[in-house]
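The values are calculated or read from the model by the stated rules, or taken from the named source; none is laboratory data. Worth saying up front: this structure is predicted, and the values here are computed from it rather than measured. Virtual Cβ from ideal backbone geometry, glycine too; neighbours counted across all protein chains shown.
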């Protein structure tokens, strides 16, 4: 029996309302799940994921900015462009060494020690961090021609002698007044990174007069505590200090004299070696000593006979037999024309006078460039701190001068001379 129509309509309305309520609850639950899922995913991005055995875990680690290598830039095709020569330039040793060179070119020498023998640092503007350099010093008695010879050596090249006056020389006007051209210690640097040092004359009467009349108080502060009347002893101690200082900071020391052999000058060289302070870091290590090259300036052909030269070389060998100075080398081949000037196991080089010529000996303009080539070929013994550069050499020179000036052994020797 069928239900009445009005009851069926009521039942349909109830079922529709129930189904509508079920759909609304389903939609609400789905929205709630979607909202929770979005929250969970957002929260999971802010925390490390838990280890899952079913899926591999990938750990990402950020790289340091300094340690990360740069990726190569993508190549861009360039059409109708001819590469320049600069792109194919290979940096050689000359280009690398040029980066150490000082940007300033010296036109005149500067003072390393001024008139009062106080250390100066004006040379720092012309120094660089180049470790490949050479220091050549020059000493001699008054008016022996040391500044002139050193100027010609510094300005000459390997092929010809350039008679350019770089250092102050004693002109005839200064000699008539009894004065000298060099006072203190002058320094000049050439483009080939050679530091040339021109020292004031040793045992000079002109320097003694300056000490008496002009700067007596300044000399007394820098010299040993001597009696004011013993100016001769003060000048001798001053000469010994300069020699000891050059022993410490030079690779090569040139001694210029206007005679074949001067016993007083040789005694001065030996005494300076005895009083030289040891600046090596290890007391057991050998202290540095430079090459000693003796030049006989203004030589006459009558003095250059073989018998006379052999006696002179024999005298130098016996005088420096127990010395730590390097007075000989074996770098000159026997077939070289310059071998006649430096044979016999002694660095003794006679220089003819400018106006003199001899068929058996090379003249002055031929010897100077050859002598410079030999000086540059001498072995360079290391001294000072490890990794010595031009700038650190200046610092080492300052410490060496302070050590020489305040040496107790030098002061004790000065007291014995009084």
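Please list, ordered by residue number, the helices (runs of 4 or more DSSP H) wholly in the stretch 103-217 having 3 or more residues that are modelled with pLDDT under 85 and surrounded by 16 or more Cβ atoms within 10 Å (Cβ to Cβ). Steps first, please.
Details: elements: 146-155, 172-177, 205-213.
Of the helices (runs of 4 or more DSSP H) lying wholly inside the stretch 103-217, those with at least 3 residues that are modelled with pLDDT under 85 and surrounded by 16 or more Cβ atoms within 10 Å (Cβ to Cβ) span 205-213.
Would you be able to say whether some residue in the stretch 251-261 is under 22 Å from residue 375 (Cβ atoms), under 31 Å from the mean Cα position of the chain (by Cα), assigned to a helix (DSSP H, G or I) and at pLDDT 95 or above? No - not one qualifying residue is present in the stretch 251-261. Among the residues of the stretch 373-404, write down those that are part of a helix (DSSP H, G or I), crowded, with 16+ Cβ neighbours inside 10 Å and touching a strand residue (DSSP E or B) at 6+ places or on another chain (Cβ under 9 Å). Within the stretch 373-404, 374, 375, 390, 393, 394, 397, 401 qualify.
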